[in-house]
Amino acid sequence: MTLEYTPGLIDTGNARPLNADDLDAETLKADTEVTVYSKEVANDKLLFWGAGGKNRQSADTKFMFADLVASGAGTGTAGDPIRGELLAAITDSDQNRVLEWVSLGDLSELSDARNDDRTDRPVMYALAPYAKPGRHIELRVRASSSSDGVEVDNTENPGTASSARFWYSEVSN
C-alpha cells in the first residue's frame, strides 16, 4: 500500500520541519533503499508525512526540496550531487518491513527546486495513513549507479553541503 494525499489531515497535528542536518550520514548503494532519516513514533503520538494541503496559496501549505551531496567519504568527492529517488516510508517496529511508502521524487528535480521561489517548490502535503506508536517514519534514498558508495553529507554548511527541507506532522494520541 502507498501513502496518499488525505485532505482530512490538513488541519491535524503540528507540522515539524526536517533539514539536511537531521539526516544520517549513510553510505548509499545503487538500486537499494538506504534509510537516511528515521524517527520512532512515541506511545502518546501519531505521525504522518507532510502537512497541509495542495493549495499553493494557502498559509498551511508546506514546500520541500532536497539538494543532497556527497561528504567526500566513500566513493564520491565532497560536494558531488547525489542522484536517485527519495522515498517517504512507514516501517514496522523493528524497521525490517516497509508498511507504507511513496516516492517524493527524483533527487535531480528536488535539487533544482532549492533555487525555485518557495511557492514554486514541490508541495509536501498531508499523506495518510499515519504511523502508530512503535512504528517508524523514514526517508530513504534509492541511489542511481552514479551515486553508489557515496556518503550523504548532513552538515548543512551553506554553499558546500547538503540542503533540504521536508515536513512531517505530529498528533497527540
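The values are calculated or read from the model by the stated rules, or taken from the named source; none is laboratory data. It should be emphasised that the depicted structure is a prediction, and the values quoted were computed from it without experimental measurement. So basically every Cβ, Gly included, is an ideal-geometry build from the backbone, and we count neighbours across all protein chains shown. The area values use the complete protein model at the heavy-atom level, side chains included, leaving out ligands, DNA and RNA. Shrake-Rupley method; radii C 1.70, N 1.55, O 1.52, S 1.80 Å.
Annotation: Thr61 fulfils all but one of (1) within 13 Å of Trp167 (Cβ to Cβ); (2) assigned to a strand (DSSP E or B); (3) in contact with a Lys or Arg (Cβ under 8 Å, 6 or more places away or on another chain); the unmet one is (2). Of the residues making up region 67-87, just one is more than 13 Å from Asp148 (Cα to Cα), in a loop (DSSP other than H, G, I, E, B) and at pLDDT 95 or above, namely Leu68. Being of a type outside the set (A, V, I, L, M), open to solvent by 30 Å² or more (accessible area, probe 1.4 Å) and touching a residue at least 12 places away in the same chain (Cβ under 8 Å) holds for only one residue in Ser111, Ser71, and it is Ser71. Would you say Thr119 is among the polar types (S, T, N, Q), over 22 Å from Val69 (Cβ atoms), open to solvent by 50 Å² or more (accessible area, probe 1.4 Å) and touching a residue at least 60 places away in the same chain (Cβ under 8 Å)? The answer is yes for Thr119. Scanning region 11-21 for residues that are surrounded by fewer than 17 Cβ atoms within 10 Å (Cβ to Cβ), farther than 17 Å from Gly72 by Cα and not polar (S, T, N, Q) returns Asp11, Ala15, Arg16, Pro17.
The residues of region 38-68 that are open to solvent by less than 50 Å² (accessible area, probe 1.4 Å) and among the hydrophobic types (A, V, I, L, M, F, W, C), listed by number, are Val41, Ala42, Leu46, Leu47, Phe48, Trp49, Ala51, Phe63, Met64, Phe65, Ala66, Leu68. Within region 88-106, if we keep just the residues that are assigned to a strand (DSSP E or B) and touching a His at 6+ places or on another chain (Cβ under 9 Å), the residue that is surrounded by the most Cβ atoms within 10 Å (Cβ to Cβ) turns out to be Ile90.
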